[in-house]
Amino acid sequence: MSSEPKKLLRALKGEVCTSPPIWLMRQAGRYLPEYRETRARGSDFLDVCLTPELAIDITLQPIRRYGLDAAILFSDILILPHALGQKVWFEEGIGPKLEPLCRVEDFKRLEPGRMADVLAPVYETLRRVRCELDEGTALIGFAGAPWTVASYMIEGGSSKDYATAKTWAYRAPEEFQTLIDLLVETTADYLIAQVDAGAEVLQLFDSWAGVWPEAALRHWCLAPAREIVRRVKAVHPKVPVILFPRGAGLMYRDFAADSGAEALGLDTTVPLDWARETLQGKVTLQGNLDPLLLVAGGAAQREGVQRVLEGLGRGPFIFNLGHGITPQAAPDNVAALVEQVRSWRP
(Lines give C-alpha, C1' and ligand atoms only; values in the text may rest on other atoms or scores of the structure.)
Protein backbone atom coordinates (compact mmCIF):
# COMPACT_ATOMS: atom_id res chain seq x y z
CA MET A 1 0.00 0.00 0.00
CA SER A 2 1.37 3.41 -0.94
CA SER A 3 2.20 5.95 1.77
CA GLU A 4 0.79 8.71 -0.49
CA PRO A 5 -2.13 10.22 1.49
CA LYS A 6 -3.94 11.51 -1.59
CA LYS A 7 -6.22 8.81 -2.92
CA LEU A 8 -6.49 10.43 -6.35
CA LEU A 9 -2.72 10.34 -6.84
CA ARG A 10 -2.61 6.70 -5.75
CA ALA A 11 -5.27 5.77 -8.31
CA LEU A 12 -3.35 7.63 -11.01
CA LYS A 13 -0.30 5.52 -10.21
CA GLY A 14 -2.37 2.40 -10.89
CA GLU A 15 -3.35 1.53 -7.33
CA VAL A 16 -6.76 -0.02 -6.68
CA CYS A 17 -8.10 1.89 -3.70
CA THR A 18 -10.39 0.45 -1.02
CA SER A 19 -13.09 2.70 -2.43
CA PRO A 20 -12.32 4.75 -5.54
CA PRO A 21 -11.45 8.42 -5.25
CA ILE A 22 -14.19 10.76 -6.40
CA TRP A 23 -14.30 14.22 -7.89
CA LEU A 24 -16.81 15.57 -10.41
CA MET A 25 -16.45 17.60 -13.56
CA ARG A 26 -17.99 21.04 -13.02
CA GLN A 27 -18.29 20.22 -9.30
CA ALA A 28 -18.22 23.95 -8.52
CA GLY A 29 -21.11 25.40 -10.46
CA ARG A 30 -24.62 26.78 -10.70
CA TYR A 31 -26.28 23.84 -8.96
CA LEU A 32 -24.76 25.06 -5.67
CA PRO A 33 -26.48 27.99 -3.93
CA GLU A 34 -23.13 29.17 -2.53
CA TYR A 35 -21.74 29.33 -6.06
CA ARG A 36 -24.62 31.51 -7.23
CA GLU A 37 -24.03 33.84 -4.29
CA THR A 38 -20.29 34.19 -5.00
CA ARG A 39 -20.84 34.47 -8.76
CA ALA A 40 -23.10 37.48 -8.17
CA ARG A 41 -20.16 39.33 -6.64
CA GLY A 42 -18.30 39.40 -9.98
CA SER A 43 -19.11 41.77 -12.82
CA ASP A 44 -19.10 38.91 -15.35
CA PHE A 45 -17.94 35.31 -15.64
CA LEU A 46 -14.40 36.15 -16.77
CA ASP A 47 -14.09 38.61 -13.90
CA VAL A 48 -14.93 35.79 -11.47
CA CYS A 49 -12.34 33.48 -13.06
CA LEU A 50 -9.66 36.17 -12.87
CA THR A 51 -10.43 37.44 -9.34
CA PRO A 52 -8.54 35.12 -6.98
CA GLU A 53 -10.73 35.79 -3.94
CA LEU A 54 -13.82 34.68 -5.86
CA ALA A 55 -12.18 31.83 -7.78
CA ILE A 56 -10.63 30.45 -4.58
CA ASP A 57 -13.96 30.48 -2.77
CA ILE A 58 -15.73 28.71 -5.65
CA THR A 59 -12.94 26.15 -6.07
CA LEU A 60 -13.23 25.21 -2.39
CA GLN A 61 -17.04 25.17 -2.13
CA PRO A 62 -17.57 21.52 -3.17
CA ILE A 63 -14.66 20.45 -0.97
CA ARG A 64 -16.23 22.10 2.06
CA ARG A 65 -19.65 20.65 1.27
CA TYR A 66 -18.78 17.10 0.15
CA GLY A 67 -15.18 16.36 1.15
CA LEU A 68 -14.27 15.23 -2.38
CA ASP A 69 -10.84 13.78 -3.09
CA ALA A 70 -9.77 16.64 -5.35
CA ALA A 71 -10.41 20.31 -5.94
CA ILE A 72 -10.29 21.46 -9.54
CA LEU A 73 -9.33 25.01 -10.39
CA PHE A 74 -12.36 27.20 -11.03
CA SER A 75 -11.76 28.67 -14.46
CA ASP A 76 -12.81 28.01 -18.07
CA ILE A 77 -11.17 26.51 -21.15
CA LEU A 78 -11.72 29.81 -22.98
CA ILE A 79 -9.48 31.70 -20.60
CA LEU A 80 -6.65 30.82 -23.00
CA PRO A 81 -8.12 32.54 -26.10
CA HIS A 82 -8.83 35.52 -23.83
CA ALA A 83 -5.20 35.50 -22.69
CA LEU A 84 -4.08 35.36 -26.34
CA GLY A 85 -6.01 38.55 -27.10
CA GLN A 86 -9.18 37.20 -28.70
CA LYS A 87 -12.35 38.92 -27.53
CA VAL A 88 -14.27 36.48 -25.28
CA TRP A 89 -17.43 37.12 -23.30
CA PHE A 90 -20.22 35.10 -21.71
CA GLU A 91 -23.92 35.81 -22.22
CA GLU A 92 -26.29 34.78 -19.47
CA GLY A 93 -28.47 31.88 -20.57
CA ILE A 94 -26.58 31.51 -23.87
CA GLY A 95 -22.96 30.70 -23.04
CA PRO A 96 -19.58 31.76 -24.40
CA LYS A 97 -19.19 34.15 -27.29
CA LEU A 98 -15.98 34.99 -29.15
CA GLU A 99 -15.09 37.37 -31.94
CA PRO A 100 -14.46 34.61 -34.51
CA LEU A 101 -11.21 34.03 -36.32
CA CYS A 102 -12.18 34.19 -40.00
CA ARG A 103 -8.87 34.27 -41.88
CA VAL A 104 -5.41 32.83 -41.34
CA GLU A 105 -4.23 36.40 -40.84
CA ASP A 106 -6.36 36.49 -37.68
CA PHE A 107 -4.14 33.79 -36.18
CA LYS A 108 -1.17 36.10 -36.49
CA ARG A 109 -2.86 38.73 -34.34
CA LEU A 110 -2.93 36.38 -31.36
CA GLU A 111 -0.34 37.37 -28.76
CA PRO A 112 1.24 34.60 -26.67
CA GLY A 113 3.38 37.26 -25.01
CA ARG A 114 0.29 38.50 -23.12
CA MET A 115 -0.33 35.18 -21.40
CA ALA A 116 1.82 35.50 -18.30
CA ASP A 117 0.29 38.80 -17.25
CA VAL A 118 -3.32 37.93 -18.09
CA LEU A 119 -3.13 34.52 -16.41
CA ALA A 120 -1.25 35.65 -13.29
CA PRO A 121 -4.49 35.68 -11.22
CA VAL A 122 -5.12 32.03 -12.19
CA TYR A 123 -1.72 31.03 -10.84
CA GLU A 124 -2.35 33.02 -7.66
CA THR A 125 -5.62 31.13 -7.21
CA LEU A 126 -3.81 27.81 -7.52
CA ARG A 127 -1.08 28.80 -5.05
CA ARG A 128 -3.58 29.92 -2.45
CA VAL A 129 -5.96 26.97 -2.91
CA ARG A 130 -3.07 24.54 -2.51
CA CYS A 131 -2.37 26.09 0.90
CA GLU A 132 -6.02 25.66 1.93
CA LEU A 133 -6.32 21.96 1.11
CA ASP A 134 -5.68 19.21 3.63
CA GLU A 135 -3.11 16.51 3.03
CA GLY A 136 -5.66 14.09 1.54
CA THR A 137 -7.09 16.41 -1.11
CA ALA A 138 -5.39 16.81 -4.48
CA LEU A 139 -5.46 19.92 -6.66
CA ILE A 140 -6.30 19.56 -10.36
CA GLY A 141 -5.37 22.11 -13.01
CA PHE A 142 -6.82 21.95 -16.50
CA ALA A 143 -7.04 23.34 -20.01
CA GLY A 144 -9.04 22.77 -23.14
CA ALA A 145 -7.50 20.62 -25.85
CA PRO A 146 -6.45 22.40 -29.06
CA TRP A 147 -9.27 21.13 -31.29
CA THR A 148 -12.04 22.00 -28.83
CA VAL A 149 -10.59 25.45 -28.12
CA ALA A 150 -9.96 26.08 -31.82
CA SER A 151 -13.58 25.21 -32.63
CA TYR A 152 -14.80 27.95 -30.28
CA MET A 153 -12.25 30.41 -31.63
CA ILE A 154 -13.41 29.87 -35.21
CA GLU A 155 -17.14 29.30 -34.71
CA GLY A 156 -17.44 32.25 -32.31
CA GLY A 157 -19.12 30.13 -29.64
CA SER A 158 -20.85 26.80 -29.30
CA SER A 159 -21.93 24.99 -32.46
CA LYS A 160 -24.26 22.18 -33.46
CA ASP A 161 -22.06 20.80 -36.22
CA TYR A 162 -18.71 22.69 -36.12
CA ALA A 163 -19.11 23.12 -39.85
CA THR A 164 -16.99 26.25 -40.20
CA ALA A 165 -14.03 24.87 -38.23
CA LYS A 166 -14.18 21.39 -39.75
CA THR A 167 -14.51 22.70 -43.30
CA TRP A 168 -11.50 24.96 -42.77
CA ALA A 169 -9.48 22.00 -41.47
CA TYR A 170 -10.47 19.87 -44.47
CA ARG A 171 -10.04 22.60 -47.08
CA ALA A 172 -6.82 24.21 -45.83
CA PRO A 173 -5.16 21.82 -43.37
CA GLU A 174 -1.85 23.69 -43.43
CA GLU A 175 -3.58 26.88 -42.33
CA PHE A 176 -5.58 25.09 -39.65
CA GLN A 177 -2.43 23.37 -38.42
CA THR A 178 -0.95 26.80 -37.73
CA LEU A 179 -3.65 27.46 -35.14
CA ILE A 180 -3.42 23.97 -33.66
CA ASP A 181 0.37 24.28 -33.33
CA LEU A 182 -0.02 27.62 -31.56
CA LEU A 183 -2.56 26.10 -29.18
CA VAL A 184 -0.35 23.08 -28.49
CA GLU A 185 2.52 25.37 -27.51
CA THR A 186 0.48 27.80 -25.42
CA THR A 187 -1.63 25.10 -23.76
CA ALA A 188 1.48 23.19 -22.71
CA ASP A 189 3.01 26.40 -21.34
CA TYR A 190 -0.21 27.16 -19.48
CA LEU A 191 -0.37 23.69 -17.92
CA ILE A 192 3.31 23.77 -16.93
CA ALA A 193 2.73 27.12 -15.23
CA GLN A 194 -0.26 25.64 -13.38
CA VAL A 195 1.96 22.89 -11.98
CA ASP A 196 4.56 25.51 -11.02
CA ALA A 197 1.76 27.25 -9.09
CA GLY A 198 0.65 24.13 -7.21
CA ALA A 199 -1.48 21.88 -9.44
CA GLU A 200 -0.72 18.19 -8.75
CA VAL A 201 -2.81 16.65 -11.55
CA LEU A 202 -3.75 18.02 -14.97
CA GLN A 203 -6.83 17.31 -17.07
CA LEU A 204 -7.10 18.12 -20.76
CA PHE A 205 -10.70 18.53 -21.94
CA ASP A 206 -11.38 17.66 -25.59
CA SER A 207 -15.13 18.02 -25.28
CA TRP A 208 -15.82 17.95 -29.04
CA ALA A 209 -13.40 15.20 -30.09
CA GLY A 210 -16.32 13.00 -31.11
CA VAL A 211 -17.34 15.13 -34.09
CA TRP A 212 -14.41 13.82 -36.18
CA PRO A 213 -14.07 10.56 -38.16
CA GLU A 214 -11.16 8.32 -37.25
CA ALA A 215 -8.30 9.71 -39.33
CA ALA A 216 -9.13 13.34 -38.55
CA LEU A 217 -9.66 12.56 -34.86
CA ARG A 218 -6.23 10.98 -34.76
CA HIS A 219 -4.67 14.02 -36.44
CA TRP A 220 -6.53 16.91 -34.78
CA CYS A 221 -7.12 15.41 -31.30
CA LEU A 222 -4.78 12.55 -30.43
CA ALA A 223 -1.59 13.97 -31.96
CA PRO A 224 -1.94 17.40 -30.25
CA ALA A 225 -2.80 15.75 -26.92
CA ARG A 226 0.25 13.52 -27.18
CA GLU A 227 2.49 16.50 -27.89
CA ILE A 228 1.07 18.49 -24.97
CA VAL A 229 1.63 15.54 -22.63
CA ARG A 230 5.19 15.19 -23.95
CA ARG A 231 5.94 18.87 -23.34
CA VAL A 232 4.46 18.84 -19.85
CA LYS A 233 6.32 15.65 -18.91
CA ALA A 234 9.61 17.11 -20.16
CA VAL A 235 9.33 19.72 -17.39
CA HIS A 236 7.23 17.90 -14.77
CA PRO A 237 7.73 14.17 -15.41
CA LYS A 238 5.89 13.03 -12.27
CA VAL A 239 2.70 15.05 -12.72
CA PRO A 240 -0.12 12.77 -13.95
CA VAL A 241 -2.32 13.80 -16.86
CA ILE A 242 -5.95 12.83 -17.45
CA LEU A 243 -7.30 13.12 -21.00
CA PHE A 244 -11.01 13.52 -21.66
CA PRO A 245 -11.60 12.96 -25.42
CA ARG A 246 -15.38 13.02 -25.20
CA GLY A 247 -17.09 10.98 -27.88
CA ALA A 248 -13.91 9.23 -29.03
CA GLY A 249 -15.64 5.81 -29.03
CA LEU A 250 -13.37 2.98 -30.15
CA MET A 251 -10.57 5.52 -30.52
CA TYR A 252 -10.23 5.52 -26.73
CA ARG A 253 -7.96 2.51 -27.39
CA ASP A 254 -5.55 4.71 -29.30
CA PHE A 255 -5.55 7.37 -26.59
CA ALA A 256 -4.80 4.65 -24.01
CA ALA A 257 -1.96 3.23 -26.07
CA ASP A 258 -0.40 6.32 -27.59
CA SER A 259 -1.10 9.53 -25.64
CA GLY A 260 1.33 9.18 -22.74
CA ALA A 261 -1.38 10.10 -20.25
CA GLU A 262 -1.92 8.22 -17.00
CA ALA A 263 -5.72 8.26 -17.20
CA LEU A 264 -8.65 8.59 -19.56
CA GLY A 265 -11.94 10.24 -18.67
CA LEU A 266 -14.78 8.22 -20.19
CA ASP A 267 -17.91 9.83 -21.53
CA THR A 268 -21.32 8.41 -20.69
CA THR A 269 -21.61 6.35 -23.88
CA VAL A 270 -18.57 4.13 -23.25
CA PRO A 271 -19.63 0.54 -22.34
CA LEU A 272 -18.23 -0.43 -18.96
CA ASP A 273 -17.34 -4.02 -19.87
CA TRP A 274 -15.50 -2.90 -22.99
CA ALA A 275 -13.62 -0.19 -21.06
CA ARG A 276 -12.61 -2.65 -18.33
CA GLU A 277 -11.41 -5.30 -20.76
CA THR A 278 -9.81 -3.02 -23.36
CA LEU A 279 -8.50 0.04 -21.53
CA GLN A 280 -8.12 -0.53 -17.81
CA GLY A 281 -4.97 -2.63 -18.07
CA LYS A 282 -3.23 0.25 -19.86
CA VAL A 283 -4.44 3.36 -17.99
CA THR A 284 -6.46 4.42 -14.97
CA LEU A 285 -10.07 5.08 -15.97
CA GLN A 286 -12.26 7.94 -14.83
CA GLY A 287 -16.00 8.32 -15.22
CA ASN A 288 -18.67 7.87 -16.39
CA LEU A 289 -22.02 8.38 -14.63
CA ASP A 290 -24.68 10.18 -16.65
CA PRO A 291 -24.89 13.69 -15.11
CA LEU A 292 -28.67 13.68 -15.46
CA LEU A 293 -28.89 10.93 -12.86
CA LEU A 294 -27.97 13.66 -10.36
CA VAL A 295 -31.15 15.42 -11.46
CA ALA A 296 -33.31 12.28 -11.32
CA GLY A 297 -31.91 11.00 -8.00
CA GLY A 298 -33.49 8.12 -6.09
CA ALA A 299 -33.34 4.52 -7.28
CA ALA A 300 -32.23 5.45 -10.81
CA GLN A 301 -29.20 7.27 -9.43
CA ARG A 302 -28.30 4.53 -6.95
CA GLU A 303 -28.52 1.84 -9.64
CA GLY A 304 -26.45 3.91 -12.07
CA VAL A 305 -23.74 4.54 -9.50
CA GLN A 306 -23.66 0.86 -8.58
CA ARG A 307 -23.27 -0.16 -12.24
CA VAL A 308 -20.25 2.11 -12.66
CA LEU A 309 -18.66 0.93 -9.42
CA GLU A 310 -19.19 -2.74 -10.24
CA GLY A 311 -18.03 -2.23 -13.82
CA LEU A 312 -14.78 -0.37 -13.15
CA GLY A 313 -14.13 -0.20 -9.43
CA ARG A 314 -12.01 -3.34 -9.18
CA GLY A 315 -9.23 -1.84 -11.28
CA PRO A 316 -7.41 1.51 -11.22
CA PHE A 317 -10.36 3.90 -11.22
CA ILE A 318 -11.56 7.40 -10.32
CA PHE A 319 -15.30 7.92 -9.94
CA ASN A 320 -16.60 10.85 -11.97
CA LEU A 321 -19.30 11.77 -14.45
CA GLY A 322 -19.45 11.31 -18.21
CA HIS A 323 -19.57 15.10 -18.55
CA GLY A 324 -20.05 18.06 -16.20
CA ILE A 325 -22.72 18.46 -13.52
CA THR A 326 -25.78 20.25 -14.90
CA PRO A 327 -27.25 23.32 -13.19
CA GLN A 328 -30.41 21.29 -12.43
CA ALA A 329 -28.56 18.72 -10.28
CA ALA A 330 -29.78 18.54 -6.69
CA PRO A 331 -27.02 19.12 -4.09
CA ASP A 332 -28.56 16.41 -1.89
CA ASN A 333 -28.24 13.93 -4.76
CA VAL A 334 -24.55 14.76 -5.05
CA ALA A 335 -24.16 14.13 -1.31
CA ALA A 336 -25.89 10.75 -1.71
CA LEU A 337 -23.57 9.90 -4.62
CA VAL A 338 -20.47 10.67 -2.57
CA GLU A 339 -21.75 8.60 0.35
CA GLN A 340 -22.50 5.63 -1.92
CA VAL A 341 -19.04 5.72 -3.53
CA ARG A 342 -17.32 6.09 -0.16
CA SER A 343 -19.13 3.06 1.28
CA TRP A 344 -18.55 0.75 -1.70
CA ARG A 345 -15.89 -1.94 -1.48
CA PRO A 346 -14.47 -3.98 -4.38
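Annotations
- Accessible surface of the chain [probe 1.4 Å, protein heavy atoms]: carbon and sulfur percent: 50
- Within the assembled protein chains, the solvent-accessible surface assigned to Arg64 is about 150 Å², based on a 1.4 Å probe.
- Average projection, convex hull of the Cα set of the chain: 15.8 square nanometres.
- Relative contact order of the chain, defined on C-alpha pairs under 8 angstrom at six or more residues apart (%): 21
- For the stretch 231-241, the Karplus equation 6.51 cos²θ - 1.76 cosθ + 1.60, evaluated at θ = phi - 60°, returns couplings of 5, 5, 5, 5, 9, 10, x, 9, 7, x, 10 Hz by residue, with Gly and Pro reported as x.
- Segment Asp332..Val104, full-extension length gain: 77.2 nm, with 0.36 nm per residue of separation and the alpha-carbon distance subtracted.
- Each Lys and Arg contributes +1 and each Asp and Glu -1, all at the Cβ; summed about the Cα centre of the chain, the dipole is approximately 600 debye.
- Distance in nm between pseudo-label sites at Glu37 and Ala120 (7 Å out along the Cβ direction from Cα): 3.2
- Convex hull per residue volume in Å³, alpha carbons only, for the stretch 206-251: 65
- Computed over the stretch 278-334: relative contact order in percent, which uses C-alpha pairs under 8 Å that are six or more apart: 52
- Based on Cα contacts under 8 Å between residues 6+ apart, the stretch 243-321 shows a relative contact order of 31 percent.
- Rolling a 1.4 Å probe over the protein chains gives Leu250 an accessible area of about 110 Å².
- Using the rule -39500 (n - 2.57) for each DSSP H run of four or more residues, divided by the residues of the chain, the 222 nm mean residue ellipticity is -14000 deg cm²/dmol.
- You can think of it this way: the chain between Lys97 and Leu250 has 51.9 nm of extra reach, that is 0.36 nm per residue less the Cα-Cα gap.
- Over 30 Å between alpha carbons, listed pairs Lys13/Lys97; Lys233/Lys282; Lys108/Lys238; Lys87/Lys160; Lys7/Lys233: Lys13/Lys97; Lys108/Lys238
- 3J(HN,Hα) from dihedral phi, the stretch 294-309, Karplus parametrisation 6.51/-1.76/1.60, rounded to Hz, x for glycine, proline: 7, 8, 5, x, x, 5, 4, 5, 4, 5, x, 4, 4, 4, 5, 4
- The chain, accessible area per residue, ligands and nucleic acids excluded (1.4 Å, Å²): 41
- Binning the alpha carbon pair distances of the stretch 264-346 at 10 angstrom intervals from zero yields the distribution 19, 54, 24, 3, expressed in whole percent.
- Inter-label distance, nm, simple model (7 Å from Cα along the C-beta direction), Ala172/Glu277: 4.7
The values are calculated or read from the model by the stated rules, or taken from the named source; none is laboratory data. Keep in mind it's a predicted model, so treat the numbers as computed, not measured. Positions of Cβ are generated from backbone atoms using ideal geometry, with glycine treated the same way; all protein chains shown enter the neighbour counts. Remember, those area values only see protein heavy atoms, side chains included, never the ligands or the DNA or RNA. Shrake-Rupley method; radii C 1.70, N 1.55, O 1.52, S 1.80 Å.
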